[in-house]
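In what follows, a single structure is set out as structure tokens and then discussed.
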Amino acid sequence: SLAAGYPFTDAGQGRLLRPQVRRHDLGGSIGGPVILPRLYDGRQRTFFFFNYEMYRNREKRFDGYGTVPTEAYRNGDFRAALTGRVLGTDGLGRPIPENAVYDPRSNRTVEGRIYRDLFPNNVVPRSYFDPVAAKIQELIPGPISGSLINNFERRFEFRKIQDIPSVKIDHSFSDASKMTFYYSRMRTDKDNGQDGLPDPISQRRDQYIRSHTARINYDRSLTPTMLLHLGVGYGRYHNPDTAPPSILEFDSTGKLGLRGAFGSGFPRMTGLGAAQGGLGFNMGPSNRNLYLQDKGTAVGSLTVVRGDHSYKFGGEWKYDTFTNRNTNGVAGVYNFGAIESGLPATQGISLAGGSVGFPYASFLLGMVNNASLSNPQDPQYRRPSYGFFAQDTWKLTRKLTLDYGLRYDI
């Protein structure tokens, strides 16, 4: 059925979820002579052509299920993470349960290896919680069920709004000379990278793309057998593929107590999930870039017809630029793993295909596996290019034409 809902969902009243989708794509064009009453009559000299396309896509999306920490995990209770498997014994003769969480404050060195004690019942006391992690946890939405995984509905609104107007003007100064002007603009507003998490921990991005293209061409017949063509153009592409202000302007120092960043915004945090749950999302902006492209062009050519020969001489110039203003990582990137809440003495030892420690427990303890901090970057690329050519189209016979020439590019 075209109206079928998503399997295994419940929208109430015994119905499946049927997310709303609205798409509209329409446009039109018009052309003719330029006539300004009492000012200008261009029926024989000036003509216009206008085209417009509009696209609208709005959806209330349901993107399946994701994983957020259970209420027990939020309180430091990781008993549900234990699988019942024993992966072996440590150097002190103690059993090593899979996903067991160890107390980093009980570290001691025996024969060059660091040993720890298990947290009783695999429960991390709240007094051990890192204050920054506790504040971040308050921003993570709660589960809709008691399941360890797939306990969160990924719902969000999506939109892609696009307008592409363009206009062309042709004007004849005389029978021998003509000028054309063309301009188009593309406006695209769209969502990107939605994950269903709320701001500021979401990795969603807002894109407001703007593209402009303009060209002017001039053609003049100098003589019945000599034609001059000149043209210039300019194009600009502006794409801020970045997180929205609610994420980029988040005050991590004041609201989280997280210091040392080069810039504002919510930090990037990864690696908080496992097969037995935790947080199955990465948090914070995945992209903080502004992409800019500018391109200028100019071309000129002269065509001369002499008997069976059509000679053409000309040149062109282009100037391409690309800018990537990048502030990824200025608020810090933090990666978590199981090893920080595991048993250091087992590092480098095979544990029957399992592991000890738990990523979300490491997060609550504030024990980062690795972290990085990046400075803002603004690389610039510039590429000028030139070309010159001379060619001849020689009509040898009614059935045979020879084209030859020389071109130089730098």
From E71, E157, residue being among the acidic types (D, E) and either in contact with a Pro (Cβ under 9 Å, 6 or more places away or on another chain) or at pLDDT 95 or above (or both): E71
Residue match in the range 122-141 (condition: within 30 Å of N57 (Cβ to Cβ), at pLDDT 95 or above and either open to solvent by 40 Å² or more (accessible area, probe 1.4 Å) or in contact with a Phe, Trp or Tyr (Cβ under 8 Å, 6 or more places away or on another chain) (or both)): yes
S341 being among the polar types (S, T, N, Q) and open to solvent by less than 30 Å² (accessible area, probe 1.4 Å): yes
Verdict on I349 being aliphatic (A, V, I, L, M) and at pLDDT 95 or above: no
Filtered residues of the range 13-67 (kept if surrounded by 12 or more Cβ atoms within 10 Å (Cβ to Cβ) and of a type in the set (D, E, K, R)): R18, D41, R45, E53, R56, R58, E59, K60, R61, D63
Of all residues in the range 353-369 being open to solvent by less than 60 Å² (accessible area, probe 1.4 Å) and either under 30 Å from F322 (Cα atoms) or polar (S, T, N, Q) (or both), the one that is farthest from the chain's Cα centre (by Cα): S355
Matching option when the condition is surrounded by fewer than 15 Cβ atoms within 10 Å (Cβ to Cβ), within 25 Å of G257 (Cα to Cα) and polar (S, T, N, Q), among S385, S350, S372: S372
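The values are calculated or read from the model by the stated rules, or taken from the named source; none is laboratory data. The structure presented is a predicted model; accordingly, all values stated were derived computationally and were not measured. Here the Cβ is made from the backbone with ideal geometry for all residues, glycine too, and neighbour counts use every protein chain on show. Just the protein is used for accessible areas: all its heavy atoms, side chains included, with ligands, DNA and RNA removed. Shrake-Rupley method; radii C 1.70, N 1.55, O 1.52, S 1.80 Å.
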